[in-house]
Amino acid sequence: MKRELVAQLERLVPRFDEMLAQAAAPEELEAARVAFLGRKGELAALMARMGELAVDDRPEVGRVANAVKAKLTELWQQAQQRMLPRPEGAYFDAGEPGWVPDVGALHPTTLIQQEICAVLQRLGFETVSGPEVETDFHNFEALNLPPGHPARDMQDTLYITERILLRTHTSPMQVRTMLARRPPLAIIAPGKVYRRDSDLTHTPMFHQIEGLLVDRHVTMAQLRGVLTALVQAIFGPSTRVRFRPSFFPFTEPSAEVDMSCVLCTGRGVLESGELCRVCKGTGWVEILGCGMVDPAVFAQVGIDAAVWSGFAFGLGVERIAMLKYGIGDLRLFFENDTRFVRQFA
Amino acid sequence: MLLPLSWLREFVPFAGTAEELADRLTMLGLEVEEVRDPFAHLAPVVTGRVVECRPHPGADHLFLCRVDVGGPEVLPIVCGAPNVAAGQVVPVAPVGTTLPGGLTIQKAKIRGEVSLGMICSERELGLGEAHGGILVLDAGLAPGLSLPHALGLEREVLDVSITPNRADCLSILGLARETAAAFGLPLQLPTVLVEEAGAPWSLAVTVEAEVCPLYQARLIRGLRPVPSPPWMRYRLMACGMRPHNAVVDVTNYVLLETGQPLHAFDAHRLRGEVIRAARTQQAMDFVTLDGQTRRLLPGDILIWDGEGPVAVAGVMGGQNAEVSEATTTVLLESAVFAPLVVRQTARRLGIASEAAYRFERGVDPVGNSWAMNRAAALLAELAGGTIAPGVAKAEPRPYTERTVRFRPARVAEVLGVDPGETFARTTLVALGCAVRQEAEDWAVTLPSWRLDLEREIDLVEEVARFFGMDRLPAILPLVPRSLEDLAQADTSFAETSAVKAWGRSVGLLEAVNYSFVSAADMARCGLPLEGAVRVANPLSEDMEVLRTDLVPGMLRALRTSIAGGTTRVRLFEISRVFSRDATSETGVAEALRLGILLHGARFPERAPYPRGEAGFADIKGLVEHLFQHLGLGGCRWRAQSVRPYLAQQAEVILDGGCAGAVGCIRPELADAYEARGPVWYADIDLETVLRLARQTRRQFVPLPRFPVVRRDVTLRLGWETSVDALLDTIAAMDESLVDEYFVLDVYEPGEGMVRHVTLRVVYRHPERTLKDKEVDKVHGRIVAHLLRQLPVQVV
Ligand SMILES: [Zn+2]
């Protein structure tokens, strides 16, 4: 008896709500009110049955009845509000806050990776991925870095075993791709890389993007074309690109690429006359390393260097992100403070 | 490599500025980090003439000087040096100068007498060890000159970063060669006059050819224990080296000048008239000249005299034959050692010597003799030595000329622009190559100091370097694509990006945590260490294990965000987790995971949002939203303990397999990360989810033409019965008229452990309008079945 009464009371709420929702005119609204809340309405009828209950049960059912009555009254008032004839402009304030769904954000390293990959995909490169734990062969040896090579000092390595390591660059993806497929090849490989290094300007994990093109008659001028397109797509068409000779064991000739400084637009000094701290007054900032695939690497993966040639490049994602968004502190990237990530919505 | 401009100019008549040189070298691949003035701190120190010097009336050993420093006033200076005298020209540090030791000169009153500066000793200026008295300068110097200028100190030193391939540029000579070639200037080597004299001597040199292709030595007798002259000491200092005595300074000077490391033994301390360069067969302890006992292992190259080792070849000499104040005769060694062995030994012993650094990268086997003779001549000139007649030498592998075939057309093929044959030839010749025409091609003989040049492509690079890589045009290639490429395209980046885009669209912030965690973090989360991959040489304990789950990093990110004042945290991360896997090429399996973390209020705590904390429904809802977003069919939930760090958890089943888990982070764990209130977490196996998503095919279903009929039923059930059980039971009946069904409402009446759950069942016939009666019949059947199958009652 008690349970049934409670259930009937509770069911009044959705039923009333439905009826109100269907009401199209003030008269229909009033009819609904009378049917449920009126003196001879459903609520009143149910409450009249309270007397049939055991004395002990009455307070509880009474509480439910009161709650239901309050709810019904609230619903009716809301419906009435909806129905009120509203003169133009009245009862309306565009200044009240809107219901803004949560705005999410991607990590700046993701934004930069997606942006770079998008540009290179438009140029015809395919995005590939590979393992972060690598063999010494893929990470070093096949890239013309045999054991004991002084250039291994350029990259402090985190080892799992003597021959297994956390990749120090995305370049092993060059090796994996060339071993798995025959040329012509055009790939980019974004991903995490690791170094045994941690200070103000180094974190033990960071992101790189590798690019590789292998075809007949590939030239260094084409490498410059692709990298210029990339840099200008990300930093704007007036950005200048500078090629400077350098050394990487897996490319020959090798070059370091600088771009005109984003802060001082390549002038080396700021509007205030201060020396630019981003480029240290040189007007240029180093952004990536590149070169023509070394014939020794082709030999390691069984590609005939007499027929095929290629170029490769590798760039640091955090560095690009720092330049593009003006982030001064590298460590912020991996602390994941909500206030940091939120800025990249 | 530090390059003093004045030293360079002894080798090449470069007349430009340091900045011009720095720019050109940088564009040649020899990046100049900065141009520095190594003695900038001495610039405020000036020359002063002591015009008057009389004893201090109130103190013995002190003098009252009046010093003319070129200004309008003559400075009164109290000086305690015994050698100060009127008429001398001396270095004066005026008030306000900070000396290398950190002392800042202040206006002082010493025993009642005013002193406006300090007359300095060599040591006080950081220019040497002499501190017995003040430094007395050339009496011809005018007063008021800046000290670096007066002493002719190096003012412009280029800090050049040398790539590992350019061993030849770890020397003044090498950088001078590049400068000469770049500016079209002649290279001028200082004249080396070796005047041999004295009694003949003999030394039997034997070497192990594999590790020492060349060993030669000269004997220099009659040396005096003198310091090297100031100009040499100042140059060494400008290059960051500390001067010692003439013998050591000369070997260091020639090392910097030529790149050839030299070693001087005290000849009287060598036993027997033999020298041998060979690998040791057994481990032994050996005291190097820095006084440290080093453990040598079989394979290390040692220099042996008649009785035992006297040096670790190319790394560091031994204490037993070290030169000292008492040394009068030295054996000057100039050798070539195997780079790999020197590198291994130096690394193992932790010795980063200038010598080892150069031997590791390769030294010029031909220039070796010039370096030895240059050092011998300097020792004769500066330390009064006599060069004994002849050279002791073993050269089992004499250097043979290397010649490479070079096709001039290759340059344009590689670069995409043609610098021209004349330019190529001029460049190669300027670099020290000999070029001979052979039919269409050139035979290029390579210089002995450029061991990095071996192949045609290396020569192409040289031409490109001097032509200027910055002159290459920018041309877009036509990137070739084949049907095979497209068929086997790697979709992982696009798929991951799509899930990240989903995360962003539902209002989550992306976190990127380190792939390594501490064993303590793992233990705190209850994650087992067995099966986890350890880093053999971690940077710190914080980074010793590759994560097997994203949760430790996500909790750290939560703590950081809370510490930053954020009370409402909604994060996700997509990254790999790692585990041991013997079947993998690397012994490690990598799998993509998605972690989602919710903490704090469900909505922002302001208008117009309702108040309330996020709960299980939020995290579960996000996961279901993702699956629907990816076009996956319905998932199933099973309350089950699958993650050690979760309480109130359920695993999610997709296509019959577990695809992850959601739940509440165990309260004590959440407390450990400073959370105030429940932390909701989802751990999703993204590999499985993406694999299923890849198999999903979207299929159109024609729109229904007939209206639906809705029926509700409210059931009372306890917490031991899942709402899922109600839905499953309806599903199992497979009633053909049922179009859909869902939970319309859940109500907790607050009496006992029960809920009132209202189900809505929607009926539809594909080909006609349903009659109430037939719906009632099916609905009745469904309700009756629920009541029979489950411990529920109709309310
Ligand atoms: Zn700048």
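The values are calculated or read from the model by the stated rules, or taken from the named source; none is laboratory data. All figures in this text were calculated on a predicted structure; none of them were measured in a lab. With ideal geometry, Cβ positions are generated from the backbone for all residues, glycine too; neighbour counts draw on all protein chains shown. With ligands, DNA and RNA removed, areas are computed over all heavy atoms of the protein, side chains included. Shrake-Rupley method; radii C 1.70, N 1.55, O 1.52, S 1.80 Å.
Remarks
- Tally, over region B:741-786, of residues that are open to solvent by less than 80 Å² (accessible area, probe 1.4 Å) and within 17 Å of A:ARG3 (Cα to Cα): 10
- Filtered by the rule that a residue be at the interface with chain B (Cβ under 7 Å from one of its Cβ atoms), more than 27 Å from A:ARG181 (Cβ to Cβ), in contact (Cβ under 8 Å) with a residue 12 or more places away in the chain and not aliphatic (A, V, I, L, M), region A:96-149 gives A:GLY104, A:HIS107, A:THR109.
- Within region B:469-568, helices (runs of 4 or more DSSP H) holding 2 or more residues that are more than 7 Å from chain A (Cβ to nearest Cβ), more than 30 Å from B:LEU25 (Cα to Cα) and touching a strand residue (DSSP E or B) at 6+ places or on another chain (Cβ under 7 Å): B:492-505, B:519-524, B:551-563
- Test: residue in region B:403-418 that is open to solvent by 40 Å² or more (accessible area, probe 1.4 Å), modelled with pLDDT of 95 or more and over 21 Å from A:ARG216 (Cβ atoms): yes
- Against the numbered list (1) outside the structural domain of A:ARG167 (by TED's automatic domain parsing); (2) open to solvent by 10 Å² or more (accessible area, probe 1.4 Å); (3) modelled with pLDDT of 85 or more, A:ARG49 comes up short only at (3).
- Test result for B:VAL701, open to solvent by 90 Å² or more (accessible area, probe 1.4 Å) and outside any strand (DSSP E or B): yes
- The lone exception for B:ASP655 - which of (1) under 25 Å from B:ILE596 (Cβ atoms); (2) out of contact with any Lys or Arg (no Cβ under 6 Å at 6 or more places or on another chain); (3) modelled with pLDDT of 95 or more it fails: (3)
- Selection of region B:230-245 for residues being outside any helix (DSSP H, G or I) and crowded, with 16+ Cβ neighbours inside 10 Å yields B:CYS239, B:MET241, B:PRO243, B:HIS244, B:ASN245.
- Tally of residues being in contact (Cβ under 8 Å) with a residue 60 or more places away in the chain, away from chain A (no Cβ under 14 Å) and not small (Gly, Ala, Ser) across region B:713-772: 12
- Of all residues in region B:585-601, those satisfying the criterion of being touching an Asp or Glu at 6+ places or on another chain (Cβ under 8 Å) and facing another protein chain (nearest Cβ under 10 Å) are B:THR586, B:GLY587, B:VAL588, B:ALA589, B:GLU590, B:LEU592.
A quick yes/no check of all residues on (1) farther than 22 Å from B:TYR253 by Cα; (2) of a type outside the set (S, T, N, Q); (3) at pLDDT below 95:
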residue	(1), (2), (3)
B:GLU360	no, yes, yes
B:PRO365	no, yes, no
B:THR422	yes, no, no
B:THR426	yes, no, no
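- Single residue of B:LEU594, B:LEU626 found to be open to solvent by less than 10 Å² (accessible area, probe 1.4 Å), within 24 Å of B:VAL723 (Cα to Cα) and touching a helix residue (DSSP H, G or I) at 6+ places or on another chain (Cβ under 9 Å): B:LEU626
- Of the residues making up region B:606-621, none is in a strand (DSSP E or B), facing chain A (nearest Cβ under 9 Å) and open to solvent by 10 Å² or more (accessible area, probe 1.4 Å).
- Filtering region B:364-378 to residues that are assigned to a helix (DSSP H, G or I) and in contact with a Ser or Thr (Cβ under 8 Å, 6 or more places away or on another chain) leaves B:GLY367, B:ASN368, B:SER369, B:TRP370, B:ALA371, B:MET372, B:ARG374, B:ALA375.
- In the set B:GLU322, B:GLU307, B:GLU257, only one residue is of a type outside the set (Phe, Trp, Tyr), within 22 Å of B:PRO243 (Cβ to Cβ) and open to solvent by 20 Å² or more (accessible area, probe 1.4 Å); that residue is B:GLU322.
- Residue check, A:GLY236 of a type in the set (Gly, Ala, Ser), surrounded by fewer than 21 Cβ atoms within 10 Å (Cβ to Cβ) and either more than 16 Å from the ligand (Cβ to nearest atom) or outside the structural domain of A:PHE140 (by TED's automatic domain parsing) (or both): no
- Boolean, A:PHE243 is away from the ligand (no atom under 16 Å from the Cβ) and open to solvent by less than 10 Å² (accessible area, probe 1.4 Å): yes
- Selection count, region A:196-227, where residues are within 24 Å of the chain's Cα centre (by Cα) and either hydroxyl-bearing (Ser, Thr, Tyr) or surrounded by 17 or more Cβ atoms within 10 Å (Cβ to Cβ) (or both): 11
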